[in-house]
Amino acid sequence: MIYKNMKLRSLLFILLISSIHLLIAQEQLITNAYNRETTSLNGYWNYIVDPYENGFYNYRYEPFENQKNPGSGAFFTNSKAKTKSDLIEYDFDKMDRMLVPSDWNTQKENLFYYEGTVWFKKSFNYSKSKNNNRVFVYFEASNYETDVYLNGEKLGKHIGGFTPFNFEITDKLENKGNFLIVKVDNKRKKEAVPTLNTDWWNYGGITRDVKLIETSETFVEDYFIQLDPHNKNHIMGKLRLNGTNKKQKEVTISIPELKIEKSFYTDEKGTITIDIISSNIQYWSLENPFLYDVFIKTDEDQIVDQIGFRSIKTKGAQVLLNEQPIFLKGISIHEESPIHDGRGHSLEDAKQLLTWAQELGCNYVRLAHYPHNEHMVRLADKLGILVWEENPVYWTISWENKQTYKNAKHQLSEVIDRDKNRASVIIWSMANETPTSEARNSFLTDLATYTKEKDPTRLISAALEQSNYQGNPLVRTISDPFAEVVDILSFNQYIGWYDGGIEKCSTISWNIGYNKPVIISEFGAGAKYGLHGNKDTRWNEEYQEYLYQETLKMIDQIDQLSGISPWILVDFRSPRRVLPEIQDGWNRKGLISEKGDKKKAFFVLKNYYEHKTSPDKE
Ligand code: GCB
């Protein structure tokens, strides 16, 4: 009996270890999936809505995947009744279908408010172009927890709704009849990132593209190639191969437009340090967003990326792009499609949003409050628009929880990995409107330290909050220890909306204190498109217009002001916003309605940007 118990205990221990392993088994992200040889798995997928997670747990609430023989009740086995007497209580192939990528909320009326598990299944055939090539399945994003299985076997789990992840499937792949089963769970949780409470729609589903990437046996897995912030004639970087043949391998980097071709040899770990000197670099700038084709070659693999070289730094209270002071004429954007209802994910969505930003006169966008799809930053690279990217550490995260920190750090690492070669991205934002406390301060400081180490070429910020200066409500300041850590001091303020009426703007002065560039990361007011009247009546377009006029005058008094990103380009869905006939489920602070109509305040900001010039060098 004792022996049996011991056996049972060691078995349980092994199961526990393997389930922990699964929890953290996230593979290294493949860089530049955007330009690689891929096969799309987008399109219709069958799905099962599973609020009780009946396909994941047995009736004792033990995960099927931890059982030696999960049995046909486990949805990832994709079982079928083979005889008349077989009992199988699901059948993926007879279920309804849904488009991937998309969110289930706007595709299926009955799932509009659904938060929970949905299982997706896609069948496919695949033949590799070379026998010893490798294959990976790559998800651009899926919200929020994703368990992935191929042909009945677990590939891994991913946590976080807005960043890419991949799993190798080489050994599990068949030529015919593969079935990929994906469990997506968007239940909000207190300890998650973001947490229970936000001001945006919690769209569930496989929200971005899914593809298969085929690589050579040893391939270029990752690289980071940027201009040296300390030497404008120096292109620096690092690169890593993955595969059994990664040591002492020749890697050639060529940039034909710079007449550069240079070979490097990998070390024991398959890595190289890239060093290229050139005095002919055309710098990426707003006026000339020049992207070089950078080719990376080994005897097995080759890949190209479009990379711009520029420097971004701060000096005193100025932001310098290529050593020139710049005023960031921005707008905040949520990732909702301007073309169809729901989450945005396509190049067409990105084109519309960034075209509107350009019409407004923007040279900068804040992608709030989580990493947006890659089309946005790739397009910003081409258009010459600067970008603030943000980690979804929003409002009241569980600061004391170590898993929460790990999760936040992991999501941040994934967006940095995806976008570290994009010239447009200049700011990594750690968080939005987080209440100060010792635990929060060290959480954010640790994130910032990690980010600086991982990417020393960009600036760090966070959307902070302002407060009264020495108890005086008419003088505002930033009293937040994290202000010491950031390169750019950003804060949100809503004087005239949540904080008094619009006339208050002219009574406020600012005592910011720090000799750092300041960005007002948010201000704004709600207005329903087409609602007109008095400028002191809330929800009228005239109220929003007046608030923009008064706010712009007010913030122009801030000496260190280096940019703004008002809230927000387009009205967006939020379950917090329930006022009938005005909000009806939408946050109305957009300068453009969800149908694409421009409100009056759009033109106030446009006019401000037309007249705002870059500051002189300090
Ligand atoms: C904020 C938040 C943003 C909200 C906005 C609002 O401060 O950062 O997520 O949507 O205010 O409309 O209240």
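The values are calculated or read from the model by the stated rules, or taken from the named source; none is laboratory data. Keep in mind that what you see is a predicted model, and the values were worked out from it rather than measured. All Cβ positions, glycine included, derive from the backbone under ideal geometry; neighbour counts span all protein chains shown. Each accessible area value is taken on the protein alone, full model and side chains, heavy atoms only, with ligands, DNA and RNA left out. Shrake-Rupley method; radii C 1.70, N 1.55, O 1.52, S 1.80 Å.
Numbers for the structure displayed
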quantity: Total charge dipole magnitude, region 532-618, about the Cα centre, Cβ charges on Lys, Arg, Asp, Glu only, Debye to nearest 20; calculated: 300 debye
quantity: Gain on full stretching of the segment that runs from residue 514 to residue 278 - 0.36 nm per residue minus C-alpha separation; calculated: 81.3 nm
quantity: Coil-residue trypsin sites (Lys or Arg not before Pro) of region 153-185, DSSP, other Cβ within 10 Å capped at 16; calculated: 176
quantity: Charge-dipole axis of the chain as Lys and Arg at +1 and Asp and Glu at -1 on Cβ define it, positive-most pick from 74, 380, 285; calculated: 74
quantity: Average accessible surface area per residue within the chain, 1.4 Å rolling probe, Å²; calculated: 42 Å²
quantity: For peptides 349-362, 81-94, sequence by mean Cβ density within 10 Å, most packed first; calculated: 349-362, 81-94
quantity: Amide H partners (placed H, <5 Å) of residue 57, local residues excluded; calculated: 64
quantity: Cα-based convex hull, the chain, per residue volume (Å³, whole number); calculated: 174 Å³
quantity: Alpha-carbon centroids, region 175-195 and region 345-412: separation in whole Å; calculated: 21 Å
quantity: Normalised contact order of region 515-618, rounded percent, pairs of Cα under 8 Å and 6 or more residues apart; calculated: 28 percent
quantity: Cβ-derived FRET efficiency at R0 30 Å, residue 127 paired with residue 82, nearest 0.05; calculated: 0.60
quantity: Over the chain, relative contact order from alpha-carbon pairs under 8 Å, at least 6 apart, %; calculated: 11 percent
quantity: Cα-Cα separations in region 518-570 greater than 13 Å, expressed as whole percent; calculated: 59 percent
quantity: Tilt relative to the chain, helix 2-24 - C-alpha long axis, 0 to 90 degrees, to 10; calculated: 40 degrees
quantity: Estimated [θ] at 222 nm from DSSP helical runs (n ≥ 4, -39500 (n - 2.57)) normalised by residues in the chain, nearest 500; calculated: -6000 deg cm²/dmol
quantity: Prolate/oblate/rounded call for region 228-339, Cα gyration tensor, a/c under 1.5 rounded; calculated: prolate
quantity: Stretchable slack from residue 610 to residue 475, in nm (0.36 nm times residue separation minus alpha-carbon distance); calculated: 45.7 nm
quantity: Carbon + sulfur, % of accessible area of the chain - ligands and nucleic acids excluded, 1.4 Å; calculated: 50 percent
quantity: Amide H contacts under 5 Å for residue 204, placed H, 5+ residues apart; calculated: 104, 105
quantity: Sorted peptide list for 37-44, 423-430, criterion being average Cβ within 10 angstrom, highest first; calculated: 423-430, 37-44
quantity: Listed pairs 553/612; 121/157; 382/420; 313/454; 232/297 exceeding 18 Å between Cα atoms; calculated: 232/297
quantity: 3J(HN,Hα) from dihedral phi, region 72-87, Karplus parametrisation 6.51/-1.76/1.60, rounded to Hz, x for glycine, proline; calculated: 6, x, 6, 4, 5, 7, 6, 6, 10, 5, 9, 10, 4, 8, 4, 10
quantity: Pairwise label distance in nanometres, residue 534 with residue 40, each label 7 Å out on the Cα-Cβ vector; calculated: 5.3 nm
quantity: Spacing of the two label points (7 Å from each Cα toward its C-beta) at residue 245 and residue 53, in nm; calculated: 4.4 nm
quantity: Vicinal HN-Hα couplings computed from phi for region 549-555 (Karplus, 6.51 cos²θ - 1.76 cosθ + 1.60; Hz; Gly/Pro x); calculated: 4, 6, 5, 4, 5, 5, 7
quantity: Rounded FRET efficiency, nearest 0.05, which uses the C-beta distance separating residue 113 from residue 400 and R0 of 30 Å; calculated: 0.45
